[in-house]
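Here's the structure we're looking at; comments come further down.
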Amino acid sequence: MTASWHILHTESSLGWGGQELRILTESLGMIQRGHRVTLLCPEEATLFREAQKRGLPVLATPIARKNLSGLRALRKRLQALRPEVIITHSSTDSWLTALATRWMDHPPALIRLRHISAAVPVNPANRWLYGSASRLVITTGAGIRERLIQVNGIPASQVRSIPTGIDLTRFRPNDRLDARIALGLPAQRPIVGIVATLRSWKGHHDLLDAFAGLNHPDALLVIVGDGPREAFLQERITRLGLSAERVRMVGRQENVPEWLAALDLFVLPSLANEGVPQALIQAMATGLAILSTPIGGIPEMIASGVSGMLVPPGDVPALRAAMAQLLGDPEGRQRLGEAALNVARTRCSLEIMLDRMEEAIRQVVQEPFLPR
């Protein structure tokens, strides 16, 4: 039987996206497996409210910025909670946690979870954070792991890749017509969709530009998600002359599986910063044909022409051509969707992620502590 641990997660980000969803999903999964889990994040963070909504133990802690008050508050929390392991997620909370545990008599084992593919600057400070202060670095994709080893000089034995897992009982193929009726979407029109936070690197603007010139006047584009680029994208829709009959921005939705089930084609034209996007895996598990770009860990999930289609990032004509090709080939979409579904089921389940995270935690908890 697996030992039970107190696992503490820290997150300084105030935003909302796949990173925060992984924290919640993983935490709740670990609780179901008998572990104690606590989350520390700023009270003003979306994650704080979402954790409360799901019944996850969360403590408001002022760690949104790298400052002395945040460091003191975090150290006080750690002294009271005494977890066996801490998993950090963003730069600010990782630094504060590393410093807060630096001179503790019996410090918890520290795991740095790196979600995105943005390069980690090569300098002595980051070498200490990733290579010495952290017992283990976990990445969401193999490419991120390789960069940390080859470029940043982190020993290979200290870096593992554990892609995000999803609940395959929730994200699964469902009847498309039923989903469209429930959501008030047209039953017969081809529907292209994206589910992603409205950030610049997700490529929504490229998708709009490509869709505007698409020779499928009956096609509908559905954009699910909210975020800082909402006003910018609304303005772009207007400038491109795309009516509400062609493009629908529906904001953030809780029933994501239903929205995915309603689509014919899922498009994620990412430009940077991706690990393995959760929405991508969710769409794969729904059995959708995927059109994306070879950014971050996406090519680790999508073999172009086999389990989806990849086009160069930022190449709007190539994106438009691929959309037109896939919308005109229902059999090809089905073939790609079935292959994507198989990848999701064999590599991306929640149980696989939890098994591998437990294994990683066991390693850092049981290994002897060496003073840094």
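Scanning the stretch 22-75 for residues that are basic (Lys, Arg) and touching a residue at least 12 places away in the same chain (Cβ under 8 Å) gives Arg22, Arg33, Arg36, Arg54, Arg65, Lys66, Arg75.
Just one of (1) within 22 Å of the chain's Cα centre (by Cα); (2) assigned to a helix (DSSP H, G or I); (3) under 30 Å from Ile86 (Cβ atoms) trips up Asn273, so point out which. The one condition Asn273 does not meet is (2). Looking across the stretch 109-137, the residues that are free of Cβ contacts under 8 Å to residues at least 60 places away in the same chain and either polar (S, T, N, Q) or not assigned by TED's automatic domain parsing to the domain that holds Leu59 (or both) come down to Asn123, Asn126, Ser134. One residue is enough: does the stretch 71-83 have a residue meeting the conditions under 22 Å from Met353 (Cα atoms), modelled with pLDDT of 95 or more and either assigned by TED's automatic domain parsing to the domain that holds Thr139 or not β-branched (Val, Ile, Thr) (or both)? Taking every residue of the stretch 71-83 in turn, at least one turns out to be under 22 Å from Met353 (Cα atoms), modelled with pLDDT of 95 or more and either assigned by TED's automatic domain parsing to the domain that holds Thr139 or not β-branched (Val, Ile, Thr) (or both). Counting the residues of the stretch 290-307 that are assigned to a strand (DSSP E or B) and over 20 Å from the mean Cα position of the chain (by Cα) gives 1. Taking residues in the stretch 344-362 that are acidic (Asp, Glu), and partners anywhere that are buried (at least 18 other Cβ atoms within 10 Å of the Cβ) and part of a helix (DSSP H, G or I), the pairs with Cβ atoms closer than 8 Å and at least 6 places apart or on different chains are Glu358/Met30. Against the test of being within 27 Å of the chain's Cα centre (by Cα) and in the same structural domain as Ser27 (by TED's automatic domain parsing), the options His106, His89 yield a single qualifying residue, His89. Of the helices (runs of 4 or more DSSP H) lying entirely inside the stretch 308-372, those containing at least 2 residues that are within 20 Å of Arg160 (Cβ to Cβ) span 330-347, 350-366.
Summed over the stretch 136-153, the residues that are buried (at least 20 other Cβ atoms within 10 Å of the Cβ) and either outside any loop (DSSP other than H, G, I, E, B) or modelled with pLDDT of 95 or more (or both) give a count of 8. Highlighted here are the strands (runs of 3 or more DSSP E) found entirely within the stretch 1-79 that include at least 2 residues which are surrounded by fewer than 21 Cβ atoms within 10 Å (Cβ to Cβ): 36-41, 58-60.
The values are calculated or read from the model by the stated rules, or taken from the named source; none is laboratory data. Please read these numbers as outputs of a predicted model, since none were measured by experiment. As a convention, Cβ positions derive from the backbone with ideal geometry for all residues, glycine included, and neighbour counts pool all protein chains shown.
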